[in-house]
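All of the numbers you see were taken from the coordinates with simple rules; none came from a lab. All values derive from a computational prediction rather than experimental measurement. With ideal geometry, Cβ positions are generated from the backbone for all residues, glycine too; neighbour counts draw on all protein chains shown.
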Amino acid sequence: MVVSSALSSVTVKTKRERAGQRCPALFVLVKVYRVPEDEEEFPLANKLLVGGQAVIEGVMMRAPGKVATAVREPSGKITVDVRDSVSIAERYPILKKPFLRGVVVLGESLVLGMRSLAYSAQMAGEEDDALSNREMAGTMIVAFFMAVVLFVVIPTGAARLLSEVTTAPVALNLFEGGLRLLIFLGYLWFISRMKDIYRVFQYHGAEHKTIHAYEADGPLTVENVQRFSRLHPRCGTSFLLIVMVVSILVFAFLGWPDIVTRVVSRVLLLPVVAGISYEIIRLAGRSQNRFLHAVTLPGLWLQKLTTNPPADEMVEVAIASLAAVLPAEERARMGLLTDEAEGDAPSLADGESTSGRDEAADTEPAPKEGDRAADSSQARVAIS
């Protein structure tokens with residue numbers, strides 16, 4: 001099932017686990033990132049299109065040409081890893097064609113997300129050594145296998161129970177798709193109740209709020225960022241939900257062969273479903289059509305599970321990550337400071353508030369007006 005391509009699964013053997021304490025597997029949604037192909041697609045033509053992902057005690061941000069992962073270390077310092085990032089589609093323009101570009105975006109998001117996740121585990125003190133490329137590849141293979149079992153084998157196997165009632169292939173495939181969707185929703189609900197995942201989803205909310213503030217051209221301060229919604233239309237959660245619906249429609253007309261053929265066909269059609277889903281999201285983002293807009297609403301509602309209201313210190317980390325992928329002149333214009341002599345990453349401007357937040361921002365995508373009394377706060381960031 002397509003969800004395996006947008007759902008990274010990493011089991012981190014942490015110090016707590018070695019001490020005998022419970023540390024569950026960590027599942028992180030990967031945000032779909034893409035560069036707009038024209039101004040109509042992304043109306044904020046003077047802004048970079050930024051995507052990101054929550055990681056362990058931090059946030060990864062990606063803009064055209066750069067990717068940064070900011071992590072708050074146990075000492076309280078925010079460390080940012082900045083790397084150049086060029087899409088393979090820049091070297092092979094054919095990969096920018098419809099239905100191919102979605103597969104490329106999804107694959108690159110998975111790879112970058114896994115690297116950022118491994119880096120964050122090390123910097124947050126949950127891994128003594130960095131994962132090698134072989135270990136990272138092995139982790140992705142295991143994650144993919146687990147996703148296939150959970151979202152393909154189990155629902156298609158369980159759908160056989162309906163064969164006693166009807167043998168119509170379309171009905172059986174629709175029943176399988178419905179089970180897959182229920183498993184997906186139940187899975188998200190279950191992991192959202194886990195303590196460790198709750199913090200990751202708080203960083204997910206911080207990532208969304210920070211991107212909202214940047215796209216609104218407001219100051220990147222904790223006080224201003226906290227006013228924005230934690231829900232974002234370009235979130236990978238919305239993409240996953242559309243993938244689920246598209247897969248139901250595509251698989252409904254594949255007949256009802258033996259279980260091995262069904263599992264293999266669904267895995268092989270993974271890129272097709274991903275490509276179609278990506279084009280739907282792209283079209284919905286460009287169109288003012290109410291129907292297409294309504295298509296994205298369930299994904300926004302689902303983000304109520306995959307994002308949580310972030311603490312102020314989490315927003316500081318998200319701001320540091322975003323600032324690291326912005327050009328120097330953009331950082332200065334957004335009210336961020338840069339210590340060129342020490343090589344530090346941008347820090348928050350003096351005079352910003354770290355007190356309180358507007359709870360209504362969790363449901364409204366636009367910031368509310370009004371000033372608040374503020375205490376001074378400054379987050380210093382070191383680039384590694």
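Between Asp217 and Phe253, what is the label-to-label distance in nm when each label sits 7 Å out along the Cα-to-Cβ direction?
Using points 7 Å along Cα→Cβ, the separation is 4.5 nm.
What's the exposure ranking of Val245, Val149, Val67, Val59, going from fewest to most Cβ atoms within 10 Å? Mind dumping the intermediate values first?
Numbers: Val245 16, Val149 13, Val67 25, Val59 31.
Fewest to most other Cβ atoms nearby, the residues stand as Val149, Val245, Val67, Val59.
By counting other Cβ atoms within 10 Å of each Cβ, how are His212, His204 ranked from fewest to most?
Working: His212 21, His204 31.
Least crowded to most crowded, the residues run His212, His204.
For labels at Tyr187 and Lys47 in the simple 7 Å Cα→Cβ model, what's the distance in nm?
It is 3.1 nm.
Step through the table entries Lys47/Lys209; Lys66/Lys96; Lys96/Lys304, compare each Cα-Cα distance with 22 Å, and write down the pairs that go over it.
Violating the 22 Å limit, Cα to Cα: Lys96/Lys304.
Which order results if Trp256, Trp301 are arranged by neighbouring Cβ count within 10 Å, fewest first? Present the calculation step by step, with values, prior to reporting the outcome.
On the way: Trp256 19, Trp301 13.
Going from least to most buried by this count: Trp301, Trp256.
How much length would be gained if the chain were fully extended between Met146 and Leu297, taking 0.36 nm per residue of separation minus their Cα-Cα distance, in nm to one decimal?
Between Met146 and Leu297, full extension yields an extra 51.5 nm.
To the nearest 0.05, what FRET efficiency results for Glu329 and Asp84 with a Förster distance of 22 Å applied to their C-beta separation? Write down the numbers at each step before the final one.
On the way: r = 19 Å, r/R0 = 0.85.
Given R0 = 22 Å and the Cβ-Cβ separation, E is 0.70.
Express in nm, to one decimal, how much length is gained between Glu279 and Arg134 on full extension, taking 0.36 nm for each residue of separation and deducting their alpha carbon distance.
Contour length minus the Cα-Cα distance gives 48.9 nm.
Trypsin sites (Lys or Arg not before Pro), restricted to region 185-240: which are DSSP loop and have at most 16 other Cβ atoms within 10 Å? Each step should come with its number before you reach the end.
Working: sites: Arg193, Lys195, Arg199, Lys209, Arg227, Arg230, Arg234; in loops: Arg193, Arg227, Arg230, Arg234.
For trypsin sites (Lys or Arg not before Pro) across region 185-240 that sit outside H, G, I, E and B with at most 16 neighbouring Cβ atoms in 10 Å, the list reads Arg193.
Relative to 2.2 N^0.38 Å, what does the C-alpha radius of gyration of region 207-291 come to as a ratio? Two decimals please.
In units of the globular-protein estimate, region 207-291 measures up at 1.54.
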